[in-house]
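Notes follow the structure.
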Amino acid sequence: MKPIQKHKRRFVYAIAAIIILAIASAILYRSLLRGSHNANLSHLPRRAQPGPSSAADQQMLQGKFGSDVPAEERQSVLAELGSPDRPLPDQTRQAQSPPRPGQQQIVITQPLGTTVEDTRPTLTWDALIDGWSYRVHIEDRDSHQTGATSPVLDEALWQIPNPLQRGHTYLWRVEASPSGSKGATSPTPSATAQFSVLSDEGEREIQNLRADHPSHLLLGSFYSRNGMWREAVLEYRQLVDEVPDSPEAAKLLRNAEIRSNAQLAAGHPR
């Protein structure tokens, strides 16, 4: 009897060992499978998490404002939300007249009919012929005093070295001459463009809007109110990313893009 009992015990132990190994194998397999799944998910693009201001922006898009939103900014947002959709223009840039023989065609690009925050903005323009030099002239629109004059430049951009006055509007133009002409040829002028420098009050307002958790809606509205359409487009794009299902946000972005494109198109030669 004892050999038989001993044989049964061994058989039971063997069965128990097989069961334990099977359970351990199943646990290990599930662990490896879960790890592989998580690794695959880690390569998938993740949707950006909404910022701290997204909930407030969503409320304001519905016309609900907190007590911390100043009345002027509230009215500005409501005016934009209530404005009709701007129609798409037939063409974003009017036809340009061909340059006269021997003359340079210059297209001012930035700043153009906008407000700039920097008191030392960088001015840029496009030129269709290489090998020319440039000189930039800036004057105060109201006083007609010279704001700045550049040295002779060999590239189509110039940052104003000395600060302009906040709250003032300036006119500027570019004169182009063949490099090395030394005055033998009359310079070719561009059209005259205009820009304003953000006022001290506006600068304080924009700094307050940027503090803590800035609202893309309020910033975009501020830029729109001041004709800063490129900046408004950037803010409204972020607003749409945070509130993708909002038709109001999409409308604000669409209208700002139309205004920004129209602003750039105004740079055609006259």
Cβ-Cβ under 7 Å, sequence separation 6+ or interchain: first residue in region 116-130 and under 11 Å from residue 198 (Cα atoms), partner loosely packed, with under 14 Cβ neighbours inside 10 Å. Which pairs?
119/163
Here are 219, 234, 164, 171: which of them is surrounded by fewer than 19 Cβ atoms within 10 Å (Cβ to Cβ), at pLDDT 95 or above, within 18 Å of residue 117 (Cβ to Cβ) and among the hydrophobic types (A, V, I, L, M, F, W, C)?
234
Before we move on, is residue 230 basic (Lys, Arg) and within 14 Å of the chain's Cα centre (by Cα)?
yes
Give region 115-136 a look and list any residue that's over 21 Å from residue 260 (Cα atoms), part of a strand (DSSP E or B) and open to solvent by 40 Å² or more (accessible area, probe 1.4 Å), or say none.
135
For the list (1) surrounded by fewer than 18 Cβ atoms within 10 Å (Cβ to Cβ); (2) farther than 29 Å from residue 77 by Cβ; (3) in contact with a strand residue (DSSP E or B) (Cβ under 7 Å, 6 or more places away or on another chain); (4) not hydroxyl-bearing (Ser, Thr, Tyr), I need the number of the one condition that residue 176 fails.
(1)
For region 185-208, give me each residue that is open to solvent by 20 Å² or more (accessible area, probe 1.4 Å) and under 18 Å from the mean Cα position of the chain (by Cα).
207
All but one of (1) modelled with pLDDT of 55 or more; (2) surrounded by 12 or more Cβ atoms within 10 Å (Cβ to Cβ) hold for residue 82; which doesn't?
(2)
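The values are calculated or read from the model by the stated rules, or taken from the named source; none is laboratory data. Given the structure is predicted, the values throughout are model-derived calculations rather than measurements. No Cβ is skipped: glycine too gets one built from the backbone with ideal geometry, and neighbour counts run over all protein chains shown. The accessibility values were calculated without ligands, DNA or RNA, using every heavy atom of the protein model including side chains. Shrake-Rupley method; radii C 1.70, N 1.55, O 1.52, S 1.80 Å.
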